[in-house]
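Undergrad: This structure is in structure tokens; I'll ask about it shortly.
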Amino acid sequence: MKIDGKHYRTIWIHPQNPKIVQIIDQRKLPFQFVIKDLEDLESAEKAISDMLVRGAGLIGATAGYGMYLAALNVNKKHFIKELLNAGEILKNSRPTAVNLQWAVERQLAEIEKCETYEECVNATLKTAGEITDEDANMCRMIGEHGFKIIEKISRHRNGETVNILTHCNAGWLAFVDYGSATSPIYKAHDAGIDVHVWVDETRPRNQGARLTAWELLEHGVPHTVIPDNAGGHLMQHGLVDIVITGADRVTKTGDAANKIGTYLKALAAMDNNVPFYIALPSSTFDWAIADGVNEIPVEQRDGREVKYMSGFKDGAEQEFLIMPEGSNVANYGFDVTPSRLITGLITERGICDASEDGIKTIFPEKYIM
Ligand code: MRU
């Protein structure tokens, strides 16, 4: 995507030094645009766990490059053993987004084929690049398929504004480029369709208010940031035509884990006959599980994120206590929307029902025992 006219992805190799990977420090957005260097396994792990990078696809791509950075720095005599260990460290950096495990497993499968250390370094660099390019490509295709849904709604509305509600940030910042939920929106906007996005602020870290709003503003897409609890009211009053969110892990039966609060939006959408779509690349499917509510691990983060809010004042990021210091807080990062509440899944291969039978129609090879 473009920032001030310059094309950026969310992760890339340093143009002058192939031993450094660069990322945008998303904790600083939208107030400052800061690029950070990742030079080793530790910095890649910290970038994921401290959320300099976040979002399912980008976590996966960072883990892919994390394995490359680990390969550059391991003891050459025991590189396989040390890289297995590096993989465990990366896999444990955040629990819910399955793209992380997927990327590490993919790297380990390549590493196991290597006979020499040099081969291994080259293989991890190549694989990280492939994971990154594929992520961007899958998101581009999600845009192509999802565009048709928005175009159809626009036709039914005789060209009047299509109001889309989204939660959290499943934009290009959450992936390598384009985003999942936002990809159809960018495509529709670029094609001249009149779209407007309701952006849930997404407490406690405000990925919607801080990141999705910034992305949409940069791209010129009309949008309005709303408090998290406003969606139901808007739907009751006919102000939402479609909900599109991303996902961090989707079961082979179509249950979808996404940022906390998504489930409530799906319930409100069902009650108001508003179509509710999940957009995801195939790297976000967990083909091994069928019961999302009981099997998807839900991250619990530091309660400080709930107790304090951060914002920008006098040219600097500041934190404010927003409740009695002595109150207890809970900080569940994700919830699971059961497939019965999901109208469809928008993937790089097309749109399908959120059910085992539906997913099988476009990913048949994943169900062969
Ligand atoms: O905690 P985050 O910011 O890494 O959460 C991920 C998300 O932004 C959302 O859940 C998103 O909709 C899915 S990731 C594409």
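Undergrad: Mind checking the log10 I(q)/I(0) for segment 2-134 at q = 0.17, 0.20, 0.22 Å⁻¹? Debye, one equal scatterer per Cα, no solvent, two decimals.
TA: Values, matching the q order: -0.82, -1.11, -1.33.
Undergrad: Sticking with this structure for a sec: Is the shape of segment 169-247 best called rounded, prolate or oblate, per the rule: a/c under 1.5 gives rounded, else a/b larger than b/c gives prolate, else oblate, with a ≥ b ≥ c the square roots of the Cα gyration tensor eigenvalues?
TA: Since a/c reaches 1.5 but b/c is at least a/b, the shape of segment 169-247 is classed as oblate.
Undergrad: Which of the peptides 7-14, 221-228, 275-282, 92-99 is most tightly packed, and how do the rest follow, going by the mean number of other Cβ atoms within 10 Å of each residue?
TA: In descending order of packing, they fall as 275-282, 92-99, 7-14, 221-228.
Undergrad: PRE reach from ASP357 (point 7 Å along Cα→Cβ): which of segment 265-284 fall under 13 Å by backbone N?
TA: none
Undergrad: Take the chain, mark every one of the GluC sites (Glu not before Pro) that falls in a DSSP loop and has at most 10 other Cβ within 10 Å, then report the longest stretch left between them, sites excluded.
TA: So the longest stretch without any such site is 116-324.
Undergrad: Compute the distance in nm between two label points, each set 7 Å from the Cα along the Cα-to-Cβ direction, one at LYS113 and one at ASP25.
TA: According to this spin-label approximation, the distance is 3.8 nm.
Undergrad: By the 4.7 Å beta carbon criterion, which cysteine residues of the chain come out unpaired?
TA: When partners are defined as cysteine Cβ atoms under 4.7 Å apart, the chain leaves CYS139, CYS168, CYS352 without one.
Undergrad: Please report how far the C-alpha centroid of segment 314-369 lies from that of segment 37-67, rounded to the nearest whole angstrom.
TA: So the two Cα centres are separated by 20 Å.
Undergrad: Keeping the other protein chains in place, figure out the carbon and sulfur percent of the accessible area of the chain, with a 1.4 Å probe.
TA: Whole-percent figure for carbon plus sulfur exposure: 50.
Undergrad: Can I ask one more? Evaluate the chain: find the radius of gyration of its Cα atoms, find its Kirkwood radius, and give the ratio Rg to Rh.
TA: My calculation of the ratio gives 0.97.
Undergrad: Something else: Using 7 Å Cα-to-Cβ label points, what is the VAL329/ILE368 separation (nm, one decimal)?
TA: Result: 5.0 nm between the two label points.
Undergrad: Among VAL34, ILE153, TRP172, whose Cα sits farthest toward the positive end of the charge dipole of the chain (+1 at Cβ of Lys/Arg, -1 at Cβ of Asp/Glu, about the Cα centre)?
TA: ILE153
Undergrad: If you don't mind, there's one more thing I want to ask. Any chance you could run the full-extension gain for GLU218 through GLU151? It's 0.36 nm times the residue separation minus the Cα-Cα distance, nm to one decimal.
TA: 21.9 nm
Undergrad: Next question. Counting heavy atoms of the protein chains only and a 1.4 Å probe, report the per residue accessible area for segment 2-134 as a whole number of Å².
TA: Heavy-atom SASA per residue in segment 2-134 reads 45 Å².
Undergrad: Using R₀ = 56 Å, calculate the FRET efficiency as 1/(1 + (r/R₀)^6) where r is the Cβ-Cβ separation of ASN158 and HIS78; round to 0.05.
TA: The formula returns an efficiency of 0.25 here.
Undergrad: For segment 82-148, just say rounded, prolate or oblate: build the C-alpha gyration tensor, square-root its eigenvalues into a ≥ b ≥ c, call rounded for a/c under 1.5, and beyond that prolate if a/b exceeds b/c, oblate if not.
TA: oblate
Undergrad: Another question about this same structure. Under a 10 Å cutoff between Cα atoms, tell me which one of ALA288, ALA213, ALA70 has the largest fluctuation in the Gaussian network model of the chain.
TA: It is ALA288.
The values are calculated or read from the model by the stated rules, or taken from the named source; none is laboratory data. What you see is a predicted model, and the numbers here were worked out from it, not measured in a lab. Here the Cβ is made from the backbone with ideal geometry for all residues, glycine too, and neighbour counts use every protein chain on show. Ligands, DNA and RNA are stripped out before the accessible areas are found, and what is left, the full protein with its side chains, is counted by its heavy atoms. Shrake-Rupley method; radii C 1.70, N 1.55, O 1.52, S 1.80 Å.
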